[in-house]
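The values are calculated or read from the model by the stated rules, or taken from the named source; none is laboratory data. What you are looking at is a predicted structure, and each value in this text was computed from that prediction instead of being measured. A quick note on method: Cβ atoms are made from the backbone with ideal geometry, for glycine too, and the neighbour counts reach across all protein chains shown.
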Amino acid sequence: MNKRLLSIQAMLLIAAILLGAGLTAPAMTIQPAFGKFDTWVKLLQPDAIRPTTYSLLGGIQRLYLLGDIGIATLLFSFSVCFPALKLALLSLATARIAGEESGGWALKFAHQGGKFSMLDVLILAMLVLAVKGLPGGSTIDLRVGVWLFAGSVMLSLAASIVLKGFDHRNL
Amino acid sequence: MLISTNGAADAMVPLDSNAAIGIAFNPLKHPMLRSFFASVKSTEPPQRFERHERILASFTLQSNRTDTPQKLRGKMLLVRKIIPYIWSIAILAVVGAAAWGTYTLVRHDARPTDATIAPPPATVPATLLLGHDYYLWVRLIELNAKRLDGEPWDTGGSGPDIKFSISWKENTIYTSDKRADTLIAKWDLLSADVFELVKTRKIDLESAIRMPIVRVEAGTTVRLSIYDDDLTGDDLAGMIDVHLDTLAPGVNSLTQHAGTSIARLEIQAIDARITLPELIDLVSRR
């Protein structure tokens, strides 16, 4: 296999590791706050003020368990299935190009679909913004899972662009 | 032995005698394969041809030596088709392995199953503890449709105005508010005096608990008297002696009330040492 294609496969491998880790690593910590009623809530409902940490996959599971099946399915499709499928297709296309064939539908699909890859990060950003607007001073801290996920998306985007150029030169 | 392939001079190659006896077989020198390569060479660029040759050579060594070139070519094409899919499946496997590995490492941090986490079951004794103080919360009283004598509760067909009192050691220790025109009456455990709260901005939680407190001793009973509150005098709907040492912590449903108009009665015994958060939680789950 061409050295450059090999490096693309290596990028995809790293992106796969980052994606897997990003899905289950802690992604956000919600720290509820009730403003001047903090003391009362601590006294009466200590559970309500305890910080809660979720992973991306855990957050989706929680949504599902709480009955938000539609949004859970949407997030699962675009945050879990889609990025994993995209990496698989990019890898398939790389191996095809290494075999002196065209990347074909796999590369086209992965390249075009890259636009949807950051959906999960976008939702988290919106969540952070929304929580900042709530009274009481509740906060959401983004944690390592988000950066791992974003890193995976960026790597897969880069691999897709490089591979696309490579495919064009080969044809 | 010489074999001609397509009549080309450079294609005249000696057949390896080892091939005939199957030792150290070199597929590249097999006459049938040479003819196959020659046909491929004429249609594909040299780079691609060399690649085919390499793949075929490595593949032939592992295959049945009796395979025909057509069969070998089919197998080679199959391998070429499969390899990219193996790559893609491997990537998916890496995603899964990384996810599982990370989850195993940080499962105590990320809490994906928060929604299903139930509080650990508290050890609840089967009966009330002797010598302990308990709040007796009469949660619900249901009366029969008619009085014991078969007459309606109130003139005009309206329901009874239910209230009750509790006596312990021959002292009335609690009298409830009435619940008007109903056959099923419920009472809350806490009741705050809003006027007092606004005036003083303080609330005395002990006084907000609107149920009597009793101490459980062996053989102790409390008398629960239930009335239909009327302007002309209260009608007794029933009187029950509740044996405290037979009650269990939590809600007790008492259904056998012969000789009374009581259809259903729910009493909850709450340990007086209950913490404030537990008390609030209890009230919120009324």
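Return a yes/no flag: does region B:108-128 have any residue that is modelled with pLDDT of 80 or more and buried (at least 16 other Cβ atoms within 10 Å of the Cβ).
Initially, region B:108-128 is screened for residues modelled with pLDDT of 80 or more, giving B:127-128.
Now restrict to residues that are buried (at least 16 other Cβ atoms within 10 Å of the Cβ): B:128.
Yes.
More than 23 Å from B:Ala99 (Cβ to Cβ), at pLDDT 85 or above and part of a helix (DSSP H, G or I): does that describe A:Ser91?
Working: more than 23 Å from B:Ala99 (Cβ to Cβ): no; at pLDDT 85 or above: yes; part of a helix (DSSP H, G or I): yes.
Criteria not met by A:Ser91.
If B:Met76 satisfies every condition in (1) within 14 Å of chain A (Cβ to nearest Cβ); (2) at pLDDT 90 or above but one, which is the exception?
Status for B:Met76: all satisfied but (2).
For (1) surrounded by 13 or more Cβ atoms within 10 Å (Cβ to Cβ); (2) in contact with a helix residue (DSSP H, G or I) (Cβ under 6 Å, 6 or more places away or on another chain); (3) closer than 17 Å to B:Leu140 by Cβ, each residue gets a yes or a no:
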{"site": "B:Met211", "(1), (2), (3)": "yes, no, yes"}
{"site": "B:Gly219", "(1), (2), (3)": "no, no, no"}
{"site": "B:Tyr227", "(1), (2), (3)": "yes, no, yes"}
{"site": "B:Asp234", "(1), (2), (3)": "yes, no, no"}
{"site": "B:Pro249", "(1), (2), (3)": "yes, no, no"}
{"site": "B:Ala269", "(1), (2), (3)": "yes, no, yes"}
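What tally of residues in region A:81-102 results from selecting those that are more than 9 Å from chain B (Cβ to nearest Cβ) and surrounded by fewer than 21 Cβ atoms within 10 Å (Cβ to Cβ)?
3
Restricting to region A:132-171, name every residue that is surrounded by fewer than 17 Cβ atoms within 10 Å (Cβ to Cβ), in a helix (DSSP H, G or I) and modelled with pLDDT under 70.
Residues satisfying the conditions are A:Lys132, A:His168, A:Arg169, A:Asn170.
For the condition in a loop (DSSP other than H, G, I, E, B), modelled with pLDDT of 85 or more and out of contact with any Gly (no Cβ under 7 Å at 6 or more places or on another chain), what is the one hit in B:Asp177, B:Asp181? Give the steps one after another, and end with the answer.
Working: B:Asp181 fails: out of contact with any Gly (no Cβ under 7 Å at 6 or more places or on another chain).
The unique qualifying residue is B:Asp177.
Does any residue in region A:5-28 that is at the interface with chain B (Cβ under 8 Å from one of its Cβ atoms) and surrounded by fewer than 24 Cβ atoms within 10 Å (Cβ to Cβ) come within less than 9 Å, Cβ to Cβ, of a residue that is of a type in the set (S, T, N, Q) and assigned to a strand (DSSP E or B) six or more places away or on a different chain, and which pairs are these?
A:Pro26/A:Thr53; A:Pro26/A:Ser55
Report every pair of residues separated by at least 6 positions or lying on different chains whose Cβ atoms are under 8 Å apart, first residue within region B:207-231 and without any contact (Cβ under 8 Å) to a residue 60 or more places away in the chain, second aromatic (Phe, Trp, Tyr) and in a loop (DSSP other than H, G, I, E, B).
B:Arg210/B:Trp187
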